[in-house]
1. May I ask you to list pairs of residues, at least six apart or on different chains, whose Cβ atoms are under 9 Å apart, with the first in the stretch 315-344 being modelled with pLDDT of 95 or more and the second being of a type in the set (Lys, Arg) and assigned to a helix (DSSP H, G or I)?
2. Would you pick out the residues in the stretch 204-225 that are in contact with a Leu (Cβ under 8 Å, 6 or more places away or on another chain) and farther than 16 Å from Ile165 by Cβ?
3. State which residue is nearest to Tyr287 (Cα to Cα) when the search covers only the stretch 205-221 and only residues that are out of contact with any helix residue (DSSP H, G or I) (no Cβ under 7 Å at 6 or more places or on another chain) and in a loop (DSSP other than H, G, I, E, B).
4. Taking the options Thr243, Thr236, Thr247, Thr253, name whichever one is touching a residue at least 60 places away in the same chain (Cβ under 8 Å) and within 17 Å of Tyr162 (Cβ to Cβ).
5. For Tyr87, indicate whether it is at pLDDT below 90 and either among the small types (Gly, Ala, Ser) or under 23 Å from the mean Cα position of the chain (by Cα) (or both).
6. Would you mention how many residues in the stretch 220-261 are modelled with pLDDT of 95 or more and of a type in the set (D, E, K, R)?
7. Quick test for you: out of Arg300, Arg224, pick the one residue that is in a loop (DSSP other than H, G, I, E, B) and surrounded by fewer than 19 Cβ atoms within 10 Å (Cβ to Cβ).
Amino acid sequence: MHKKIFFLTACLMLGGLSASAAVNIPVKQVTAVTEVFGDGQQVTSVILLCDRKMEGRKLKASSFRVREIVPPEMRQKGRDASTEPVYEDRGIERVYAKGDQVVLELVKTYHYLPSFGGGPSGGQRPEGPQNGDKAGQMQRGERPQGGVSKTMPQRDEILGSYKGITRIDDFKAEVTLPSGKVLVSDKTVNLIVDDFAQFEYMDEMTGIPLAYNLFIPKDYDPARKYPLVLFMPDATVTGKETTRTLTQGIGATIWASPEEQAKHPCFVLAPDYTQQIMSDNWVTNDYLDATVGLVNYLTREYSVDTDRMYTTGQSGGCMLSFAIDNKYPDLFAASLLMAGKWDNSRVARFAHQKMWMMCGEGDKGALPSMTGITAELRKLGVKVSEAVWNGRSTPEEFDALCKAIDAEGADIRFVHFPQYTVFPDDDHIDGMEHLQTWRLTYTIEGVRDWLFRQSK
């Protein structure tokens, strides 16, 4: 009896495969669609444009194969250094027909699992030697960030490194059809990223050029005033292509998403830096003033509400936001600061500002620094709200947590997450909490809403 059942099942399986393989898909164009998540960019669907209307019920995910082709610019330096693209097999969640299109929706990939090995997003290490490290020795699973030197590049070196506007190569997708035919995408659509435009700015005061990404609100009306969000990237994209700032995580793109723009239409600015701006001993160079010059330039070119300009940044970008807040304390209405450090002896100018700091408790660089900042501000008589949140909270739970801290009415806030809860599940690597903070924090709606409520 069991043999008969096995034989019947096998026949049905073979019949199904044969039927699927017999489906003719006359493809005219292959489009790869990418999205940016907290841990980087990936292909999320492939669209096959056909020369006739397709019958969806005959399509099966198991009959297709998709490989994501990651451009070499997205790979981590060091052991992953390569000039060749990376091919990665991707799971197919579902296949369906829509008129003359066949859509392959892919299973989303989590980039920072221990077994992933860096992947297109790679990993990074917090700036500078970490507490508990032996002479800054890397721990298992950590990746080098590139660090920050004590000697900052000066004007001549910055000018020599400037490349103008540059773009990373497109992600592509390789699709194997049920017939066995292999096709490579000839078009790529990058959701939200493609809504940013790239420009160049020459700062008159410093003589420093800056390439930058700018999102202009849809249906922009010069008669209306719009907020501006400045996103400061971390050191992993320094010296890379201009658009790389948009794809390392959602620190820039989240503000330009259709959902966020529906609530908070705003400009989003993401500069491109070819050289380091700040050292571990808090020394900066002309890039800092050039960035402020760029912000002020945009307020003259567009209808920007200068009472509602904000800065946000992660890791080294958080440090840069701290530095601007220190040197230009009246520039921004509020700051959202993710997993960075600052000189605890220089916080007096933060006393009358609005700041929300966030990091994981396993972040050996950011946690003691942010804890020290809040301690020094309390000594100055500043009211500080501090809370510990479970990083795996549901959106509804995060909403309640945001309302609770809102009720305290403090302009300075510090939220940290218990160790490992910044990871989405129990798979984690020691030393990776630094990166996981911004994978998580920019997704919390109530935190973003807080920023837009702030005004000078």
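The values are calculated or read from the model by the stated rules, or taken from the named source; none is laboratory data. As the structure is a prediction and not an experimental result, all values here were calculated from the model. Glycine also receives a Cβ, built like all others from the backbone with ideal geometry; neighbour counts cover every protein chain displayed.
1. Asp325/Arg349; Asn326/Arg349; Lys327/Arg349; Pro329/Arg349; Ala334/Arg453; Leu336/Arg448
2. If the condition is that a residue be in contact with a Leu (Cβ under 8 Å, 6 or more places away or on another chain) and farther than 16 Å from Ile165 by Cβ, then Gly207 is the only one that fits.
3. Looking at the filtered set, the residue picked out is Ile216.
4. So the residue among Thr243, Thr236, Thr247, Thr253 that is touching a residue at least 60 places away in the same chain (Cβ under 8 Å) and within 17 Å of Tyr162 (Cβ to Cβ) is Thr243.
5. In short, no.
6. Count: 5.
7. Answer to the check: Arg224.
Let's see how each residue does on (1) over 26 Å from Ser345 (Cα atoms); (2) part of a helix (DSSP H, G or I); (3) hydrophobic (A, V, I, L, M, F, W, C); (4) out of contact with any Gly (no Cβ under 8 Å at 6 or more places or on another chain):
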position: Leu367; (1), (2), (3), (4): no, yes, yes, no
position: Ala375; (1), (2), (3), (4): no, yes, yes, yes
position: Glu386; (1), (2), (3), (4): no, no, no, yes
position: Arg392; (1), (2), (3), (4): yes, no, no, yes
position: Asp399; (1), (2), (3), (4): yes, yes, no, no
position: Lys403; (1), (2), (3), (4): yes, yes, no, no
position: Gln419; (1), (2), (3), (4): yes, no, no, no
position: Asp425; (1), (2), (3), (4): yes, no, no, yes
position: Leu440; (1), (2), (3), (4): yes, yes, yes, no
